[in-house]
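Notes follow the structure.
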Amino acid sequence: MTNHIDLCIEPRIITNPPVALREPMNFDRPDGNYSLVEQKTLRALGHPEGLRGWKAIGERKLIVPERVKRQALMKKIEDEPLMPVPATGETVKVGA
């Protein structure tokens, strides 16, 4: 909430960019030096001290949010070159 009145009638939509971890989470660190995300997850699981013997066994998969896929498609369409129409000299989008 802000302290000023916004007279703009257009709604503003704010989204967070997608993020990814640099490495898989590790809930069994010998030194106990857990990342903030790991600490929060461990507290939520009721094991703030860590999960002894825990090991990631599955392969890491990149998940691309549907919103990001739609934005990439819109960008591709916007970046398509305009092609002149020989009879009129007007331009139209290729593939339109």
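Any read-out appearing in this document is the output of simple, stated calculations on the displayed coordinates, not a laboratory observation. For clarity, every value in this text was computed on a predicted model and none was experimentally measured. Methodologically, a virtual Cβ is constructed for each residue, glycine included, from the backbone with ideal geometry; neighbour enumeration extends over all protein chains shown.
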What is the extension gain from LEU36 to VAL64, computed as 0.36 nm multiplied by their sequence separation minus the C-alpha to C-alpha distance, in nm to one decimal? 7.8 nm
Under a cut-off of 19 Å between alpha-carbon atoms, report the lysines in cross-link reach of LYS40, not counting same-chain residues fewer than 8 places apart. LYS55
Overall form of region 4-47 per C-alpha gyration tensor (a/c, 1.5; a/b vs b/c): prolate
What distance in nm separates the two pseudo spin-label positions at ASN16 and ILE57, each 7 Å out from Cα along the beta-carbon direction? 3.0 nm
Restricting things to alpha carbons, find the Rg to Rh ratio for region 1-87 using the Kirkwood radius for Rh. 1.23
Run the reach check for LYS75 against aspartates and glutamates, Cα to Cα strictly under 16 Å, same-chain hits fewer than 8 apart removed. What comes back? GLU66
Which of the aspartates and glutamates could be linked to LYS69 by a straight reach, that is with a Cα gap under 15 Å, when you skip same-chain ones fewer than 8 residues away? GLU78
Take each of the peptides 26-35, 69-78, 55-64, average the number of other beta-carbon atoms within 10 Å over its residues, and list them starting from the highest. 26-35, 69-78, 55-64
